[in-house]
Amino acid sequence: MALLAMRPTGDSAFSRDSGAAAPGTPDAVRPPAPHVPVLARDALDALAIRPDGLYVDATFGAGGHARLILERLGPAGRLVAFDADPSAASRALDDPRFTLVHANFRELAARLDALRIAQVDGVLFDLGVSSMQLDEGERGFSFRAGAPLDMRMDPTRGESAAEFLASRDEREIADVIYRYGEERRSRRIARAIVALREAGTPVRDTLDLAGVVARAVRAPGHQRIHPATRTFQALRIAVNDELGALRDGLDGALARTAPHGRIAVISFHSLEDRIVKQTFREDARIRVLTRKPIVAGDDEVAANPRARSAKLRVAERVAPEDAA
Ligand SMILES: C[S@@+](CC[C@H](N)C(=O)[O-])C[C@H]1O[C@@H](n2cnc3c(N)ncnc32)[C@H](O)[C@@H]1O
């Protein structure tokens, strides 16, 4: 299958615009790196875009993939993009073929109904958070800066990570950290979080959480990743119900993609990839085009470290007469 032979390249338009500061630029004045779309060329090729087709970008972000989709569409083509983060509106593309919907992609089918769209020719998911969300310290996604522990993709609804930690019992906190962070020391971390709460000093801030995790696990010597990385990932997944949203979003995409249309999913950790792989394998309405996921080549990883863990899986909706 041609897709399996495709290799990502590091010479896409995006690596030229990687936002890296000029050599010698002091860190303090280094501008935040803009979001660089991962596996851009592979994802676009995977969608096999028809110039007059109607496509969905389920995760608009900075619009990197969306711009590339529009480049491949002709005047009659159309792109509907989703983002749960209201701040995406400020980056909406000025193009008559483009519509941005502020919604979680788990509402994909209902939102397409509202736009009177019955079927689409392809859907792209590029999961997780964007570089902008990580860089905006006040969103609380990262422990690089001190900020309220929020972590919601859509801060207008649901509960923040701090509220989650303030309201759940020790066992539930430990289970979340274990399941979504794949963190072996989850019980010790949960115990330390709850002990602070009981002492009247609950974890409210990103640096509080990073500190309590580091002390709880007492990681020896130099670590490849910060000891709190897995706990942050776990809380983000829980607060945004990322795995539930992915299952619902895939269901919506599978239901609404027209025969011969493609669904392409870029995931960044094993829990997401497992859901994509299993959903694709078990659904008789689609044919899987990627027996193994497409991953970034060394050039792309060197230019964009976010690409290191990216995995792209692609499926094609089969025509009813071709279905088993
Ligand atoms: C990795 S970024 C996408 C970047 C984009 N492909 C680009 O090239 O700029 C993921 C984006 O999807 C959004 N997002 C994540 N989960 C979502 C969900 N369940 N529904 C809607 N948007 C979601 C995030 O807010 C973020 O802006």
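The values are calculated or read from the model by the stated rules, or taken from the named source; none is laboratory data. These numbers come from a predicted model, not from an experiment. All Cβ positions, even for glycine, are placed from backbone atoms using ideal geometry, and neighbour counts span all protein chains on display.
Which count do you get for residues in the range 255-289 that are part of a helix (DSSP H, G or I) and either within 16 Å of the ligand (Cβ to nearest atom) or more than 18 Å from R317 (Cα to Cα) (or both)?
9
Taking into account only those residues within the range 290-320 that are of a type in the set (G, A, S) and assigned to a helix (DSSP H, G or I), which is farthest from the ligand (Cβ to nearest atom)?
Looking at the filtered set, the residue picked out is A302.
Can you tell me which condition R191 does not meet? The list is (1) without any contact (Cβ under 8 Å) to a residue 40 or more places away in the chain; (2) in a loop (DSSP other than H, G, I, E, B), and all the others hold.
(2)
Go over the candidates R313, R291, R262 one by one and state the one that is more than 18 Å from the chain's Cα centre (by Cα) and within 23 Å of L108 (Cβ to Cβ). Write out each step before concluding.
On the way: R313 fails: more than 18 Å from the chain's Cα centre (by Cα); R291 fails: within 23 Å of L108 (Cβ to Cβ).
The match here is R262.
Can you report the number of residues in the range 225-242 which are in a helix (DSSP H, G or I) and out of contact with any helix residue (DSSP H, G or I) (no Cβ under 6 Å at 6 or more places or on another chain)? Give the derivation first.
Taking the range 225-242 and keeping what is in a helix (DSSP H, G or I), we get 229-239, 242.
Pick out the ones that are also out of contact with any helix residue (DSSP H, G or I) (no Cβ under 6 Å at 6 or more places or on another chain) and you get 229, 232, 236, 242.
Residues in the range 225-242 being in a helix (DSSP H, G or I) and out of contact with any helix residue (DSSP H, G or I) (no Cβ under 6 Å at 6 or more places or on another chain): 4 in total.
Return only the number of the condition from (1) surrounded by 17 or more Cβ atoms within 10 Å (Cβ to Cβ); (2) modelled with pLDDT of 95 or more; (3) assigned to a helix (DSSP H, G or I) that A216 does not satisfy.
Tallying (1) surrounded by 17 or more Cβ atoms within 10 Å (Cβ to Cβ); (2) modelled with pLDDT of 95 or more; (3) assigned to a helix (DSSP H, G or I), A216 fails exactly one: (2).
Does any residue of the range 203-222 turn out to be acidic (D, E) and within 16 Å of the ligand (Cβ to nearest atom)?
no
For A245, work out the one condition from (1) under 30 Å from A58 (Cβ atoms); (2) more than 16 Å from the ligand (Cβ to nearest atom) it doesn't fulfil.
Single failed check for A245: (2).
Name the one entry in D126, D121 that is within 14 Å of the ligand (Cβ to nearest atom) and at negative phi.
Checking each option against the conditions leaves just D126.
Is there a residue in the range 127-140 that is over 30 Å from R230 (Cα atoms) and free of Cβ contacts under 8 Å to residues at least 40 places away in the same chain? Steps first, answer last, please.
If we filter the range 127-140 for residues that are over 30 Å from R230 (Cα atoms), which is where we start, we get none.
No: the range 127-140 contains no residue that is over 30 Å from R230 (Cα atoms) and free of Cβ contacts under 8 Å to residues at least 40 places away in the same chain.
Out of (1) under 16 Å from A255 (Cβ atoms); (2) of a type in the set (V, I, T); (3) within 12 Å of the ligand (Cβ to nearest atom), the odd one out for V101 is which?
Of everything listed in (1) under 16 Å from A255 (Cβ atoms); (2) of a type in the set (V, I, T); (3) within 12 Å of the ligand (Cβ to nearest atom), V101 misses just condition (1).
If a residue has to be more than 12 Å from G122 (Cα to Cα) and near the ligand (Cβ under 8 Å from one of its atoms) to count, how many in the range 39-66 make the cut?
9
This table checks each residue for (1) surrounded by fewer than 16 Cβ atoms within 10 Å (Cβ to Cβ); (2) within 26 Å of A307 (Cβ to Cβ); (3) more than 18 Å from the chain's Cα centre (by Cα); (4) not small (G, A, S).
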position: V120; (1), (2), (3), (4): no, no, yes, yes
position: Q133; (1), (2), (3), (4): no, yes, no, yes
position: R139; (1), (2), (3), (4): no, yes, no, yes
position: R144; (1), (2), (3), (4): yes, yes, yes, yes
position: L149; (1), (2), (3), (4): no, no, yes, yes
position: D169; (1), (2), (3), (4): yes, no, yes, yes
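State all residues of the range 261-275 that are touching a residue at least 60 places away in the same chain (Cβ under 8 Å) and out of contact with any helix residue (DSSP H, G or I) (no Cβ under 7 Å at 6 or more places or on another chain); if no residue qualifies, say none.
Scanning the range 261-275 gives G261, S270.
Please verify whether S167 is polar (S, T, N, Q) and more than 13 Å from F232 (Cβ to Cβ), treating the condition exactly as stated.
Spelling it out, S167 is indeed polar (S, T, N, Q) and more than 13 Å from F232 (Cβ to Cβ).
Is one or more of the residues making up the range 45-60 over 17 Å from G261 (Cα atoms), buried (at least 22 other Cβ atoms within 10 Å of the Cβ), in contact (Cβ under 8 Å) with a residue 60 or more places away in the chain and in contact with a Gly (Cβ under 9 Å, 6 or more places away or on another chain)? Write out each step before concluding.
Within the range 45-60, the first condition is being over 17 Å from G261 (Cα atoms), and the residues that meet it are 59-60.
Going one step further and asking which of them are buried (at least 22 other Cβ atoms within 10 Å of the Cβ), we end up with 59-60.
From what's left, in contact (Cβ under 8 Å) with a residue 60 or more places away in the chain: 59.
Pick out the ones that are also in contact with a Gly (Cβ under 9 Å, 6 or more places away or on another chain) and you get 59.
Yes, the range 45-60 has at least one match.
Considering every residue within the range 259-277, establish whether at least one is surrounded by fewer than 21 Cβ atoms within 10 Å (Cβ to Cβ) and in contact with a Phe, Trp or Tyr (Cβ under 6 Å, 6 or more places away or on another chain).
No.
Could we say that V101 is of a type in the set (V, I, T), part of a loop (DSSP other than H, G, I, E, B) and touching a residue at least 12 places away in the same chain (Cβ under 8 Å) here?
no
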